[in-house]
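The values are calculated or read from the model by the stated rules, or taken from the named source; none is laboratory data. Treat the numbers as computed from the prediction; the structure is a model and nothing was measured. We place every Cβ from the backbone using ideal geometry, glycine too, and count neighbours over all the protein chains shown.
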Amino acid sequence: MTQTDKIITRFAPSPSGELHLGHAYSARLNYDFAKKHGGQFILRIEDIDLGRCNKGYEEQIYEDLKWLGLKWETQVRRQSDHFDDYLLALNKLDDMGLLYPCFCTRKDIRAEIEESSRAPHLKPAFGPEGLIYPGICKNLSSDERAQKMADGIPHAMRIDLEKALSLLETPLYWTDLTRGTQKACPKILGDVVLARKDFPTSYHLSVVVDDHIQKISHVIRGEDLFYASHFHRLLQHLLNLNTPLYNHHALLKSKEGTKFSKREKSVTIKSIRESGVCPEEIDGLIKNYL
């Protein structure tokens, strides 16, 4: 499915910390693009990680964006209110036979990787999110899986990427407005976790479902998520979801060359506005870090 005709952009922060100058840059890019084309700008709160997100940070997001002069469509979609939507998508993939339970702890995965590193023919593979899962639980028998579940061993649900790719009749493509047409290469992430015991979704699953439901036409986000678009294109195909146009913008970086994080209090929007800086000065500050 292709993107809709109407221009709709979104800014989707996670309320797990204070927004920083990099967030202001991304939010402004989305807002300005929508307004330039007579479209809509949507705010989404990505709070699926209930252990790290809190209402205080969410309220501060609203304050920061209002201070920047941004206005968004109501009502704001909070992901934690829509777990049923993600569960439907997860069940569809499961019905297609594309999911398997993974009972591995991080310690199990490290041990498997250390063992494989001693075998030249089993070198561990690396992707943009780190080491690619080596498939420890992929070939468990149905009886072994059932026994582990009966024993109450915590598990995640991973996509069987090899099986998913076998369903494709032709290659998949997606469009980045800066880099042009891209051939989707989902293998760079391996068998991604799509859900865990404590919440029935993941970033990768929830974001493609939300973008479809909210009819997002253009996904404008940081270049650090360029790799994710390869996998998102596969999920969109499997779930028959819309494929937006993408634009992955440059990241703001500190003087040391590292990208901003929520731990860097000196560049949070809150600290900037409390220092007496006017909203009109934000563009100048942003340029200092591009």
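A few remarks follow.
- If you go through segment 60-92 and pick out every residue that is aromatic (Phe, Trp, Tyr) and either part of a loop (DSSP other than H, G, I, E, B) or under 25 Å from HIS204 (Cβ atoms) (or both), you end up with 3.
- Segment 59-83 residues that are more than 19 Å from ALA34 (Cα to Cα), paired with ones that are loosely packed, with under 14 Cβ neighbours inside 10 Å and not polar (S, T, N, Q) (beta carbon under 7 Å, 6 or more apart): SER80/LEU50
- Any hit, segment 242-253, residues being over 19 Å from GLN79 (Cα atoms) and either basic (Lys, Arg) or out of contact with any strand residue (DSSP E or B) (no Cβ under 9 Å at 6 or more places or on another chain) (or both): yes
- Counted residues, segment 23-49 - those being farther than 18 Å from ASP210 by Cα and at pLDDT below 95: 0
- Test: residue in segment 181-198 that is touching a Cys at 6+ places or on another chain (Cβ under 9 Å), basic (Lys, Arg), at pLDDT 90 or above and not in a loop (DSSP other than H, G, I, E, B): no
- Selection count, segment 41-92, where residues are among the charged types (D, E, K, R), in contact with a strand residue (DSSP E or B) (Cβ under 6 Å, 6 or more places away or on another chain) and surrounded by fewer than 17 Cβ atoms within 10 Å (Cβ to Cβ): 2
- So ARG221, is it buried (at least 19 other Cβ atoms within 10 Å of the Cβ), of a type in the set (D, E, K, R) and part of a strand (DSSP E or B): yes
- Unique residue being in a helix (DSSP H, G or I) and closer than 20 Å to HIS82 by Cα when the list is TYR25, TYR57, TYR31: TYR57
- Hey, LEU161 in contact (Cβ under 8 Å) with a residue 24 or more places away in the chain and out of contact with any Leu (no Cβ under 7 Å at 6 or more places or on another chain) or not: yes
- In the condition set (1) of a type outside the set (A, V, I, L, M, F, W, C); (2) in contact with a helix residue (DSSP H, G or I) (Cβ under 6 Å, 6 or more places away or on another chain); (3) more than 24 Å from ILE7 (Cβ to Cβ), GLU256 is compliant with all but (2).
- Filter result for LYS215 (surrounded by fewer than 17 Cβ atoms within 10 Å (Cβ to Cβ) and either assigned to a helix (DSSP H, G or I) or of a type in the set (A, V, I, L, M, F, W, C) (or both)): no
- Of the residues making up segment 179-193, those that are loosely packed, with under 12 Cβ neighbours inside 10 Å and either polar (S, T, N, Q) or over 12 Å from LEU245 (Cβ atoms) (or both) are THR181, LYS183.
- Set LEU168, LEU245, LEU205: member being surrounded by fewer than 19 Cβ atoms within 10 Å (Cβ to Cβ), hydrophobic (A, V, I, L, M, F, W, C), modelled with pLDDT of 95 or more and in contact with a Phe, Trp or Tyr (Cβ under 9 Å, 6 or more places away or on another chain): LEU245
- Some residue of segment 79-86 being modelled with pLDDT of 95 or more and either touching a Leu at 6+ places or on another chain (Cβ under 9 Å) or closer than 26 Å to ILE188 by Cα (or both): yes
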